[in-house]
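The values are calculated or read from the model by the stated rules, or taken from the named source; none is laboratory data. As the structure is a prediction and not an experimental result, all values here were calculated from the model. Neighbour counts run over all protein chains shown; Cβ positions are idealised from the backbone, glycine included. Ligands, DNA and RNA are excluded from the accessible area calculation, which covers all protein heavy atoms including side chains. Shrake-Rupley method; radii C 1.70, N 1.55, O 1.52, S 1.80 Å.
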Amino acid sequence: MAGFPIKQVAMVVRDLDQAVRAYWNRLGVGPWTSYVLEPPRLKDMTYHGEPVEFAIRHALAWSGETQLELVQPLYGPSIFSDHLDVCGEGQHHLGIFVDDHPAAMQSLTDSGFRYVQGARGFGAEGDGAFAYFETDEPVGTIIEVIEAPKVRIPPDFVYPAEPGGNP
């Protein structure tokens, strides 16, 4: 995967609304754009090689050149719920944006990473894909390969927003 800069740092949280407010109020990071990702929008969902259904709420914001992501698991088996159960809230994965998702997945697999979770179809046109990989080597985190959609779905909320905005 050499040559793909890390563009995203993600944390798992129990309460997304509380987390976006804290990042804004304490660190000035935002605005946050939040989405719910779940079936039927998400397709080809897997968890440790098995087909599953899961749902997450997540929020995205930029801090300089780095995208921050906060992820709250909602239901179904996921590496996010696993993280909360074992480690609690905190840093979860690093994200790499790619143009050729299958090739990037193969490159990580060839480099000794294990595919642990993924899905596709989170864009407004049914495109977009994400896949998470782990390794036993001392990388210390999960790596996500992201093929961004051409057009995003409308957000559930933007925070801070105009007066009266949520969360």
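If you go through segment 53-70 and keep only what is over 12 Å from the mean Cα position of the chain (by Cα) and open to solvent by 10 Å² or more (accessible area, probe 1.4 Å), you end up with Glu53, Trp62, Ser63, Gly64, Glu65, Thr66. Take Ala22 and tell me if it is closer than 14 Å to Ser81 by Cβ and free of Cβ contacts under 8 Å to residues at least 24 places away in the same chain. In short, no.
Looking only at residues that are outside any loop (DSSP other than H, G, I, E, B) and of a type in the set (Phe, Trp, Tyr) in segment 1-52, which one is least open to solvent (accessible area, probe 1.4 Å)? Result: Trp32.
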